[in-house]
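Chemist: The structure that follows is given in the form of structure tokens.
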Amino acid sequence: MDIPVVNFNAYKLGEDQIPDERLSVMTEEIKQAFSGTGFVYLENTGIEQQEVNRVMDVCKKFFVLPEETKKQCARNSGHENFNGWVSTETERLSPQRPGDLKEAFNVSTIDSELKWPSDAAIPEFREVLDSFFRRCKALALRVLEVTALSLGLQRDFFVKKHKLIGTNKNCTTLRTLYYPPLHKVIVKPNQIRCGEHSDYGSVTLLFQDESGGLEVMHRSGQYISAPCIPGTVLVNIADLMQRWTSDVLVSTSHRVLLPPDDKMNTSRQSVAFFVHPDKDEIISCCDGSNKYPPVSALQYTKDRAYIAYKDANNSNLAF
């Protein structure tokens with residue numbers, strides 16, 4: 001029941017010519033993964049582990065700042081723009097659990113009015129996240145191309161619905177996540193680091209440290225571990241893509257558990273790139289069926305975000 005690992009070397013960043021036979025093998029492997037667990041590890045993508053480590057190192061400097069300092073960068077209370085800092089327990093991704101024991105810094109628009117921490121506080125923070133956003137965008141578009149080809153669609157079928165990534169007309173978000181140590185925290189009953197949920201948009205790219213805790217629901221109904229494999233990107237299908245493909249590709253529930261008792265004093269980090277269609281896109285089943293009614297990409301995302309934040313402590317959200 002392991003999540004498959006697929007070699008993306010033939011179409012990694014910087015490679016523009018891919019032999020048909022290698023493309024055919026890779027697309028079939030990715031389709032099998034996305035139609036099975038909904039998750040796949042991609043190796044040799046062109047994004048190196050050193051890049052990921054740099055992002056995590058810079059972001060940890062932000063997360064350990066005093067809360068009053070981080071509040072100056074707080075995410076606003078709307079659900080169309082996700083830019084900014086989100087405090088611990090503000091989100092509750094599973095309605096059956098207390099708030100998640102994690103915080104985040106979101107970047108959804110490049111060159112925006114996002115409230116960045118000062119260069120004096122964290123040199124290179126904006127530069128590093130801006131650069132990594134662009135790298136993830138480039139890889140995500142390639143994943144969307146391969147996904148379209150795996151379904152027998154035109155290569156640009158999905159890409160042309162994601163033309164505005166990085167602007168305020170698209171909800172795609174680079175999210176750096178920090179799960180703080182818990183040895184001095186009173187953990188509520190049934191509370192975990194991140195509650196069970198599926199992602200909202202098209203696909204998600206995930207980079208994680210080696211702390212562990214991520215689990216993915218297998219089609220058998222059992223949760224299986226999704227550990228860090230250094231040098232890989234863990235990619236999963238999200239809800240709108242499942243609707244788009246009439247359930248051929250599956251958006252799978254996942255969660256992050258508490259660490260073992262002897263590791264409650266350790267933190268965990270991950271970086272996720274949540275890919276969304278442009279806000280004005282209407283998502284209809286690409287096979288022409290009516291398995292799902294057409295839905296607005298923006299409205300679907302807003303509805304899901306409302307559920308996650310409806311019990312939030314708004315003192316840590318900006319208005």
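Chemist: Considering the stretch 96-123 alone, what residues qualify as being crowded, with 17+ Cβ neighbours inside 10 Å and not hydrophobic (A, V, I, L, M, F, W, C)?
Modeler: In the first step, residues of the stretch 96-123 are kept if they are crowded, with 17+ Cβ neighbours inside 10 Å; the result is 97, 99-109, 114, 116-117, 122.
Of everything in the stretch 96-123, those that are crowded, with 17+ Cβ neighbours inside 10 Å and not hydrophobic (A, V, I, L, M, F, W, C) turn out to be Arg97, Gly99, Asp100, Lys102, Glu103, Asn106, Ser108, Thr109, Pro117.
Chemist: Hey, does the stretch 72-94 have a residue that's open to solvent by less than 20 Å² (accessible area, probe 1.4 Å) and at positive phi?
Modeler: Just the residues of the stretch 72-94 that are open to solvent by less than 20 Å² (accessible area, probe 1.4 Å), to begin with: 73-75, 83-87, 90-91, 94.
From what is left, the residues that are at positive phi are 84.
Yes, the conditions are met somewhere in the stretch 72-94.
Chemist: Which pairs turn up if I take residues in the stretch 182-198 that are in contact (Cβ under 8 Å) with a residue 12 or more places away in the chain and within 16 Å of Val256 (Cβ to Cβ) and look for partners that are in a loop (DSSP other than H, G, I, E, B) and of a type in the set (Asp, Glu) with beta carbon separation below 8 Å, at least 6 apart in sequence or on another chain?
Modeler: Every condition considered, the pairs that remain are Ile192/Asp100; Arg193/Asp100; Cys194/Asp100; Gly195/Asp100.
Chemist: Identify, from the list Leu149, Leu141, Leu174, Leu206, the residue that is in contact with a Cys (Cβ under 9 Å, 6 or more places away or on another chain) and under 23 Å from Ala297 (Cα atoms). Reasoning before the result, please.
Modeler: On the way: Leu149 fails: in contact with a Cys (Cβ under 9 Å, 6 or more places away or on another chain); Leu141 fails: in contact with a Cys (Cβ under 9 Å, 6 or more places away or on another chain); Leu206 fails: in contact with a Cys (Cβ under 9 Å, 6 or more places away or on another chain).
Answer to the check: Leu174.
Chemist: Can you tell me which of Asp16, Asp20 is closer than 21 Å to Phe132 by Cα and either of a type in the set (Asp, Glu) or modelled with pLDDT under 90 (or both)?
Modeler: Asp16
Chemist: Determine which member of the set Arg126, Arg135 is part of a helix (DSSP H, G or I), free of Cβ contacts under 8 Å to residues at least 24 places away in the same chain and open to solvent by 10 Å² or more (accessible area, probe 1.4 Å). Break it down stepwise before answering.
Modeler: Working: Arg135 fails: free of Cβ contacts under 8 Å to residues at least 24 places away in the same chain.
Of Arg126, Arg135, the one residue that is part of a helix (DSSP H, G or I), free of Cβ contacts under 8 Å to residues at least 24 places away in the same chain and open to solvent by 10 Å² or more (accessible area, probe 1.4 Å) is Arg126.
Chemist: Which ones in the stretch 266-319 are assigned to a loop (DSSP other than H, G, I, E, B), under 16 Å from Asn83 (Cβ atoms), open to solvent by 20 Å² or more (accessible area, probe 1.4 Å) and modelled with pLDDT under 95?
Modeler: Matches in the stretch 266-319: Phe319 only.
Chemist: Look through the stretch 11-33, keep the residues that are part of a helix (DSSP H, G or I) and among the basic types (Lys, Arg), and return whichever of them is surrounded by the most Cβ atoms within 10 Å (Cβ to Cβ).
Modeler: Going residue by residue through the stretch 11-33, those that are part of a helix (DSSP H, G or I) are 11, 20-33.
Within this subset, residues satisfying the condition of being among the basic types (Lys, Arg) are 22, 31.
Details: Arg22: 13, Lys31: 19.
That would be Lys31.
Chemist: Separate question: Restricting the search to the stretch 138-170, which residues are in a helix (DSSP H, G or I) and in contact with a Lys or Arg (Cβ under 7 Å, 6 or more places away or on another chain)?
Modeler: First pass over the stretch 138-170, keeping only residues in a helix (DSSP H, G or I): 138-150, 159-161.
Result: Glu145, Ala148, Leu149, Ser150.
Chemist: When the residues of the stretch 159-209 are narrowed to those that are closer than 20 Å to Val40 by Cβ and either modelled with pLDDT under 95 or among the aromatic types (Phe, Trp, Tyr) (or both), which ends up surrounded by the fewest Cβ atoms within 10 Å (Cβ to Cβ)?
Modeler: Tyr200
The values are calculated or read from the model by the stated rules, or taken from the named source; none is laboratory data. Just so it is clear, the structure is predicted and the values come from calculations on it, not from any experiment. As a convention, Cβ positions derive from the backbone with ideal geometry for all residues, glycine included, and neighbour counts pool all protein chains shown. Note: areas computed on protein heavy atoms with side chains; ligands, DNA, RNA excluded. Shrake-Rupley method; radii C 1.70, N 1.55, O 1.52, S 1.80 Å.
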